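Undergrad: Dumping the structure here so I can ask a few things about it.
Readers should treat all values here as calculations from the given coordinates under stated rules, not as data from a laboratory. Worth saying up front: this structure is predicted, and the values here are computed from it rather than measured. As a convention, Cβ positions derive from the backbone with ideal geometry for all residues, glycine included, and neighbour counts pool all protein chains shown.
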Amino acid sequence: MKRILGVVEKAAASDTTILLNGETGTGKGLLARLIHEFSPRRGKPFVPINCGATPEGLLESEFFGYRRGAFTGAVADKPGKFELADGGTVFLDEIGDMSPELQVKVLRVLEEGEFERVGGRETIRIDVRIIAATHRDLEEEVQKGTFREDLFYRLHVIPILLPPLRERKSDIPFLVDHFLEESARRNRRPPMRFSPEALQSLMHYPWPGNVRELRNLIERLVVLKEGDLLEVADLPEKVRSAHAGRESRRAATALPGEGISLAAAVMEFEKALIRRALEQAGGVKYRAAELLQIKRTTLLEKIKRYRLEGEADES
Ligand SMILES: Nc1ncnc2c1ncn2[C@@H]1O[C@H](COP(=O)(O)OP(=O)(O)OP(=O)(O)O)[C@@H](O)[C@H]1O
Ligand SMILES: [Mg+2]
């Protein structure tokens, strides 16, 4: 996190487009706001647009606004989010979910700083800084043809990858302290702490929901628990058992009496490692290939051979 903040501080000073990539709950939204607050635009608006949650038909007028009479219900002119953000920052969240038509229009704003309102003829010029975020592998979306290559390169000026929490476990104790203090303050409770064993369990759990999941868990524990010590028994079963699973796997390595097929076993092992890498990379294949220190094309071949396609698309 400190390393990332170093990049953020430098990038914030400029007007460069920033692309944040990471699984759900890794802090993309938080970081986007932080970049704006560190930037010379801090006194101006920060306008988030969720490209995934807004219905497709509404997105264009949401982005660019509309002129009176552009469609039924458009009874007066309305400015869009880009116009409202003039001088400030637009945060395009879940940009990987945007339709191809809208991608063209956004590309034009990025390149020329101009657009028209829906139903309008007048060209509007604005000055905004763009920060985009996605949990998807945009490079892969480009190859599949669902994301425009020119827009990808336009966004990919300063990419920042937010690793999943399980790949930066050393952040966990700091986050735990931070959230314990924050939750105690918010709920007007005395400060609490975890027993060393409970903290160990938190370190072992893979946190599929990342920092958000950790924050919510601590909030719940602080509200529900009497006293000031949080112990292993207070943790949810899945967090407790993450630790136990590790021990039992280690014990199961003795060979059976009839022996094993080394080739088959190695293949199974390879398959399991690929699965784990894909899972850790949140389905982002070039990340998974990096984790396995192989080429992306090699990984794609193996995914095909082992028929892991369906699984690779899950995040
Ligand atoms: N480094 C951090 N320090 C403190 N809080 C953090 C940190 N990273 C994330 N959080 C908190 O975790 C929660 C999730 O973060 P955020 O909403 O930014 O994630 P996200 O990557 O945008 O997720 P999604 O893709 O689901 O929108 C927020 O409450 C945020 O404040
Ligand atoms: Mg978010």
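Undergrad: Evaluate the relative contact order of the chain (contact order divided by residue number), counting alpha-carbon pairs under 8 angstrom at least 6 apart; express in whole percent. Before the final figure, lay out the partial values.
TA: On the way: 448 pairs, mean separation 55.3, N = 315.
Rounded, it is 18 percent for the chain.
Undergrad: Now, a different point. Place the peptides 169-176, 202-209, 146-153, 226-233 in order of packing, highest mean first, counting for every residue the other Cβ atoms within 10 Å and averaging per peptide. Write down the numbers at each step before the final one.
TA: Working: 169-176: 15.0, 202-209: 18.5, 146-153: 16.8, 226-233: 12.0.
My ranking of the peptides, most packed first, is 202-209, 146-153, 169-176, 226-233.
Undergrad: Ordered by residue, what ³J(HN,Hα) values in Hz, to whole numbers, does the stretch 225-232 give under the Karplus form 6.51 cos²θ - 1.76 cosθ + 1.60, where θ = phi - 60° and Gly and Pro are x?
TA: So the Karplus estimates, Gly and Pro as x, are 8, 8, x, 10, 10, 9, 10, 3 Hz.
Undergrad: So, in nm, how far is label Val266 from label Ser170 when the simple model puts each one 7 Å beyond its Cα toward the Cβ?
TA: Label-label distance for Val266 and Ser170, simple model: 3.4 nm.
Undergrad: Mind jotting down the distance between the C-alpha centroids of the stretch 88-139 and the stretch 19-85, whole Å?
TA: The stretch 19-85 and the stretch 88-139 have Cα centres spaced 9 Å from each other.
Undergrad: Something else now. Using just the C-alpha positions of the chain as equal point scatterers, what log10 of I(q)/I(0) does the Debye formula give at each q in 0.15 1/Å?
TA: -1.23
Undergrad: Express as a percent, rounded to the nearest 5, the fraction of DSSP beta bridges in the stretch 2-163 (both residues included) that run antiparallel. List each step's numbers first, then the result.
TA: Values: 5 of 23 bridges.
Around 20 percent of the beta bridges assigned by DSSP in the stretch 2-163 are antiparallel ones.
Undergrad: Relative contact order (percent) for the stretch 262-312, with alpha-carbon contacts under 8 angstrom and 6 or more residues of separation? Before the final figure, lay out each step's value.
TA: On the way: 30 pairs, mean separation 16.7, N = 51.
Value for the stretch 262-312: 33 percent.
Undergrad: Highest mean first, how do 86-94, 111-119 rank when packing is the count of other Cβ atoms within 10 Å averaged over residues?
TA: On the way: 86-94: 20.8, 111-119: 15.8.
Packing proxy ranking, top to bottom: 86-94, 111-119.
Undergrad: Let me ask something else about it. Mind grabbing the base-10 log of I(q)/I(0) for the stretch 2-163 at q = 0.17 Å⁻¹? Debye formula, identical points on the C-alpha positions, no solvent, two decimal places.
TA: Log10 I(q)/I(0), no solvent term: -1.01.
Undergrad: Over 10 Å intervals from 0, what percent of Cα-Cα pairs in the stretch 262-312 sits in each interval?
TA: For the stretch 262-312, the binned pair fractions read 29, 60, 11, 0 percent.
Undergrad: Right, something else. Considering the stretch 166-251, what Rg and Dmax in Å follow from its alpha-carbon atoms?
TA: My reading of the Cα-based Rg and Dmax gives 12.8, 45 Å.
Undergrad: Does the stretch 121-199 come out rounded, prolate or oblate, given a ≥ b ≥ c as the square roots of the eigenvalues of its C-alpha gyration tensor, rounded meaning a/c under 1.5 and, failing that, prolate meaning a/b above b/c? Don't jump to the answer; show the numbers that get you there.
TA: On the way: a/c = 4.30, a/b = 2.01, b/c = 2.14.
In terms of gyration-tensor shape, oblate.
Undergrad: Among Leu59, Leu162, Leu255, whose mean-square fluctuation peaks in a Gaussian network model of the chain (Cα, cutoff 10 Å)?
TA: Among Leu59, Leu162, Leu255, the largest GNM mean-square fluctuation belongs to Leu255.
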